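S.K.: The structure's right below; bear with me while I get my questions together.
Please treat every number below as a calculation from the coordinates, not as lab data. Note that this is a predicted model, so its numbers are computed, not measured. No Cβ is skipped: glycine too gets one built from the backbone with ideal geometry, and neighbour counts run over all protein chains shown.
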Amino acid sequence: MPYSALILAGGMGRRLGYREKALIDINGKTLIALIIEKLEKVVDSIIISVRDRAQEELLKAALSLEYRFAYDIHKNTGPMSGILSGLSSCEDEYCFIAACDMPFINENVVRLLFRRSDNFDAAIPRWEDGFLEPLHAVYRCVPMIHETKQAIERGETIILAPVFKMKVNYVPMDDVRKLDPDLRTFININTNDDIQKLSR
């Protein structure tokens, strides 16, 4: 079965002084290039969700290959708009969704999530305290598109709004640790301090 991945790159990077987060350099490579490098080992197609055509041109100039881009339709809905536009352009049944600030995504963990999504609408890692990782998860496109549209129409913009309406396989963190003992796959970048730490 072919699989796709959606990278959410449309955020404004407010906590980073409005820097283009996807293009932040980590030891000579951009964040988005690091993520693509990992995901290409697992999926057949990569979609990049962006704010607009101007951002698309910036990312195209930085990437060596052509990728499919999807544009935000709704404003002020956080990642929900990117998820909706990205999944709507996806041609496969299942899609892995990730934020663009996760440079150490573990391809084996992604494979695990695809396997665990079989017969479910989603496979989402869950921490021991119940906290979920919805932006490092696999979704079945049709139900996720439907529930995301419904959530936006209700004025609900948190990513978990559609999730709680679907049949989800919550993947225990112990299963993830077997493949990624330090759980580096979930490391993300939100501040300039994070960039400095990762560069070291």
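S.K.: Given 60/178; 29/149; 38/165, which pairs have Cα atoms separated by over 32 Å?
M.R.: Table pairs above 32 Å Cα-Cα are 60/178; 29/149.
S.K.: Another question, if that's okay. Only Lys, Arg, Asp and Glu count, each charged at its Cβ (+1, +1, -1, -1), so figure out the dipole size of the chain about its Cα centre, rounded to 20 debye.
M.R.: Result for the chain is approximately 260 debye, rounded to the nearest 20.
S.K.: Same structure, new question: Take residue 19, project a point 7 Å from its Cα along the Cβ direction, then tell me which residues of the range 101-126 have their backbone nitrogen under 12 Å from it.
M.R.: No residues fall inside that zone.
S.K.: Strictly greater than 28 Å: what percent of every Cα pair in the chain meets that?
M.R.: Here the tail beyond 28 Å accounts for 20 percent of pairs.
S.K.: Want the number for residue 68 to residue 119: 0.36 nm per residue separation, take away the alpha-carbon distance, what's left?
M.R.: 15.6 nm
S.K.: Any idea what Rg and Dmax come out to for the range 27-125 if you just take the C-alpha atoms, in Å?
M.R.: Final numbers for Rg and Dmax: 13.8, 40 Å.
S.K.: Can I ask one more? With the dipole of the range 1-145 worked out from charges on the C-beta (+1 for Lys and Arg, -1 for Asp and Glu) around the Cα centre, which of 59, 96, 109 lies farthest toward the positive end?
M.R.: The one lying farthest along the dipole's positive direction is 59.
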